[in-house]
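Contents: one structure, followed by commentary.
The values are calculated or read from the model by the stated rules, or taken from the named source; none is laboratory data. What you are looking at is a predicted structure, and each value in this text was computed from that prediction instead of being measured. Ideal geometry is used to build each Cβ from the backbone, glycine not excepted, and the neighbour counts take in all protein chains shown. We work out accessible area using only protein heavy atoms, side chains counted, and drop any ligands, DNA or RNA first. Shrake-Rupley method; radii C 1.70, N 1.55, O 1.52, S 1.80 Å.
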Amino acid sequence: MEKLTSKKLMNMWAEYWTQNGHQKIDGASLIPNDNSVLFTTAGMQPLIPYLMGEPHPKGKRVFSIQPCLRTNDIEDVGDNRHHTMFFMLGNWSIGDYFKDDAIKWSYNFLTNEKWLAIPKEKLAVTVFEGDERVPRDEKSANLWKECGIPENRIFYFPKKDNWWEIGGGVGPCGPDTEIFYDTGKPACGPNCDPSCDCGKWVEIWNNVFMEFVVEKAGDPLKKLPQQNVDTGMGMERVVSVLNGFKSTYQNDCFEDAISVLEELSGKKFDFEQQDGKPFAVICDHIRASVFLLGDQKPTVPSNVGQGYILRRLIRRAVNCTRRLGINAQDLTKVAECFIEFYKDEFPNFVTKRDFILSELEKEIEKFNKALDGGLKEFSHITKDMKEGDTIDGKTAFRLFDTFGFPKELTVELAGEKGLKVDICGFDAAFKEHQQKSRDNSGAMFKGGVGQTNSEEEQILVARLHSATHLLHAALRKVIGPTAEQRGSNITPERLRFDFVCDHKMTDEEIKKVEEIVNDSIKANVPITCEEMSVEEAKNSGAIGIFESKYGDKVKVYTMGQFSKEICGGPHANSTGELGTFKITKEESSSSGIRRIKAILVK
Ligand code: SER
């Protein structure tokens with residue numbers, strides 16, 4: 001087959017579903033109509049009222065090519081497969097066909113010579129194994145067998161893998177069947193299957209059989225008045241695996257942007273190497289920024305809501321220009337590549353070209369000014385320091401608070417001069433500031449121009465940080481004391497926690513961990529901090545990393561009888577603030593280390 005480009009795939013999608021009696025619905029805004037979520041995160045989102053029973057003006061069979069934006073993995077962007085904005089190709093039956101046609105048509109689109117022509121040996125599918133509410137999905141498994149998928153390529157997985165629901169669990173939902181592409185990489189071990197993250201298996205398409213609804217949090221599952229099909233195919237991923245790319249950034253939509261960056265920087269984008277990261281981050285974040293600014297409901301950078309995310313995307317891209325040694329204002333040249341590439345499908349981008357570029361310019365300028373001020377201050381602070389000295393936490397925090405200087409930038413610049421930064425002190429100053437502004441007036445979003453984190457985000461991070469301690473303690477109860485921490489990363493949207501564990505956690509284990517954490521939250525105990533020597537901390541039974549990196553005294557955070565851990569903070573004030581804890585992913589991180597991602601919902 002000739003090379004599959006994203007444009008070609010989009011055209012095929014439209015042709016295929018039109019042939020099968022579907023009407024095209026135009027891509028909806030990235031900003032949803034209801035305000036339960038910040039962005040459109042799936043093609044089905046604009047269709048929720050219809051999936052719940054309202055008649056759709058275009059009938060019972062529709063398809064779309066929907067730009068989506070997800071920020072929960074923003075820190076992972078820069079590797080070979082994560083994106084914030086991506087295109088989801090979807091087809092829907094709104095109370096019309098169900099499993100038979102959906103599976104038959106999916107199989108045909110994937111394998112037929114006229115369409116994607118994937119050899120069937122390259123495919124594997126997963127189906128729902130059933131639980132106490134809904135039986136095992138034998139029907140879907142049998143349909144796959146009839147298509148010609150052999151039994152050893154059909155996997156039954158539990159709720160966390162093969163049940164689709166909107167984040168938080170309220171709304172239409174149902175079992176799904178996911179289709180995976182075998183990249184041909186050798187299996188990572190005897191248990192390597194499509195639930196494994198080793199890179200052998202890539203999920204390319206999801207068919208959700210949406211016949212249930214949860215009306216409000218805590219309600220039992222109810223049948224919807226109709227049976228729906230909701231599918232989603234990640235465009236960037238499919239193009240990438242079918243071309244055998246090493247990275248989704250080899251997609252045709254990024255080609256021009258990458259050429260511009262290569263020319264400006266004199267560097268080559270190595271798709272597999274860590275130093276390729278700034279290229280990928282810029283490509284992703286600037287494409288997302290063009291889509292947000294050029295949207296039918298445009299977002300502009302600000303300190304709240306969607307505007308804050310846009311600000312964060314642009315500023316992260318600016319930070320990457322430093323790493324490539326290019327002028328930040330040249331990001332507008334990258335934006336122009338995307339305007340040009342998408343101009344046929346998104347004519348808005350052309351009419352709003354000046355607006356998109358000038359908003360981008362303004363935000364870059366604002367951030368640059370703040371950074372310039374910060375750089376001067378940094379030179380001033382460090383001029384009399386000598387190698388091995390430490391910048392104290394309060395000073396590092398002032399750089400952040402007054403000049404919008406990201407903590408990582410301070411650490412990086414300090415490193416260049418052989419200096420250290422008191423991170424623990426930074427976090428303490430951060431916490432103190434957070435407390436003050438909370439006491440001040442409840443004006444959550446008062447942050448100045450240079451501020452990189454809104455007050456709201458700081459609070460979210462502190463809560464997730466406290467949830468991380470509870471998770472750590474719960475894992476040690478469920479898996480055993482060997483479940484030591486191996487890594488942790490928190491964004492305002494989610495926590496990520498790596499720990500020692502020699503097996504994939506079972507559903508029961510995950511449920512148990514969630515229960516323990518939620519019980520500790522319900523108990524609403526205060527979160528207190530004490531300073532003590534490492535020796536005292538050890539004797540008090542605190543867990544954590546004992547090598548005293550930051551001097552003799554360490555801080556120990558206690559949450560009632562639930563958790564006692566060495567840590568620099570910041571944390572929430574009491575566990576009751578955290579809401580409801582939910583594990584969204586459990587996967588392998590490396591050999592013998594598992595990784596959990598989790599969120600807090602209200
Ligand atoms: N809603 C499903 C998903 O997001 C299929 O579209 O994967």
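For the range 333-401, the dipole from Cβ point charges (+1 on Lys and Arg, -1 on Asp and Glu) about the Cα centre works out to 180 debye, to the nearest 20.
Other residues whose C-beta falls under 14 angstrom from the C-beta of Phe63 contribute a net charge of -1, scoring Lys and Arg +1 and Asp and Glu -1. Once you have all Cα-Cα distances for the range 86-139, histogram them in 5 Å bins from zero and send the whole-percent values. Whole-percent P(r) values from 0 Å outward: 4, 14, 18, 21, 24, 13, 5, 2, 0.
Within straight-line reach of Lys555, meaning a Cα separation under 17 Å, sit the following aspartates and glutamates at least 8 residues removed in sequence or on another chain: Asp392, Asp422, Asp427, Glu432, Glu530, Glu531, Glu535, Glu536, Glu547, Glu565. The Cα atoms of the range 24-136 give a gyration tensor whose axes a ≥ b ≥ c have a/c under 1.5, which makes the shape rounded.
Close amide H pairs (under 5 Å, H built 1.01 Å from N) link Gln23 with Arg61, Val62, Phe63, residues at least 5 positions away or on another chain. Expressed in Å, the radius of gyration and Dmax of the Cα atoms of the range 151-256 are 16.7, 50. Per-residue 3J(HN,Hα) values for the range 486-493, derived from phi via the Karplus relation 6.51 cos²θ - 1.76 cosθ + 1.60 with θ = phi - 60°, read 10, x, 7, 8, 10, 10, x, 8 Hz in sequence order (x marks Gly and Pro). A simple rule links phi to the HN-Hα coupling: the Karplus curve 6.51 cos²θ - 1.76 cosθ + 1.60 with θ = phi - 60°, which for the range 510-527 gives 4, 4, 4, 4, 4, 4, 4, 4, 5, 5, 5, 5, 4, 5, 6, 9, x, 9 Hz, with x for Gly and Pro.
Report, to the nearest whole %, how much of the accessible area of the chain belongs to carbon and sulfur atoms, 1.4 Å probe, protein only. Looking at the chain in its full context, I get 49 percent from C and S. Prolate is the label for the range 294-435, because the ratio a/c of its alpha-carbon gyration tensor axes (a ≥ b ≥ c) is 1.5 or higher and a/b is greater than b/c.
Report, in degrees rounded to the nearest 10, the 0 to 90 angle that the Cα long axis of helix 407-416 makes with the longest principal axis of the chain. Result, in degrees: 60. For Lys99, the aspartates and glutamates whose Cα comes closer than 15 Å to its Cα, not counting residues fewer than 8 places off in the same chain, are Asp137, Glu138, Glu146, Asp176, Glu178, Glu211, Asp230.
Starting from the Kirkwood radius over alpha-carbon pairs of the chain, derive D by Stokes-Einstein at 4 °C in a medium of 1.567 mPa s and give it in µm² s⁻¹. Let's see the in-between values first.
Working: Rh = 25.9 Å.
It comes out at roughly 50 µm²/s.
To the nearest 20 debye, what is the magnitude of the charge dipole of the range 276-397 about its Cα centre, counting +1 on the Cβ of each Lys and Arg and -1 on the Cβ of each Asp and Glu?
Numbers: 20 positive and 18 negative charges, 41 e Å.
So the dipole magnitude of the range 276-397 works out to roughly 200 debye.
The overall shape of the range 31-82 is prolate: from the C-alpha gyration tensor, with semi-axes ordered a ≥ b ≥ c, the ratio a/c is 1.5 or greater and a/b exceeds b/c. With the alpha-carbon atoms of the range 198-333 aligned to their principal axes, the span from lowest to highest coordinate is 59, 40, 26 Å, starting with the largest.
Past the 23 Å Cα-Cα mark, which pairs from Lys297/Lys343; Lys504/Lys564; Lys60/Lys223; Lys216/Lys602?
Checking Cα-Cα distances, Lys504/Lys564 exceed 23 Å.
Relative intensity of the range 162-221 on a log10 scale, I(q)/I(0) at q = 0.13, 0.17 Å⁻¹, equals -0.47, -0.66, per a Debye sum over C-alpha point scatterers of equal strength in the absence of solvent.
What is the diffusion coefficient of the range 476-590 in µm²/s, taking the Kirkwood radius over Cα pairs and the Stokes-Einstein relation at 20 °C with a viscosity of 1.002 mPa s?
The calculation lands on 138 µm²/s.
Taking a straight Cα-Cα cut-off under 18 Å and skipping sequence neighbours fewer than 8 places away in the same chain, the lysines within cross-link reach of Lys222 are Lys159. For the chain, the solvent-accessible area of protein heavy atoms averages 43 Å² per residue (probe radius 1.4 Å; ligands and nucleic acids excluded). Annotation: amide H-H contacts under 5 Å for Asp270 (H modelled 1.01 Å from N, sequence separation of 5 or more, or interchain): Gly276. Taking amide H as placed 1.01 Å from N in the peptide plane, the amide H of Ser533 sits under 5 Å from that of Val554, each at least 5 places away or on another chain.
Applying 1/(1 + (r/R0)^6) with R0 = 25 Å to the Cβ-Cβ distance of Asp389 and Ser533, what FRET efficiency is obtained, to the nearest 0.05? Spell out each step's value before the answer.
Details: r = 24 Å, r/R0 = 0.95.
Efficiency, rounded to the nearest 0.05: 0.55.
Centroid-to-centroid, using Cα positions, the range 246-306 and the range 54-91 are 17 Å apart. Separation of the range 356-412 and the range 472-525 by C-alpha centroid, Å? Cα centroid to Cα centroid, the span is 35 Å.
Expressed in Å, the radius of gyration and Dmax of the Cα atoms of the range 346-409 are 17.6, 56. Charges were assigned to the Cβ only: +1 to each Lys and Arg, -1 to each Asp and Glu. The resulting dipole of the chain about its Cα centre is roughly 380 debye. Taking the C-alpha atoms only, the angle from helix 455-478 to the longest principal axis of the chain is near 80 degrees.
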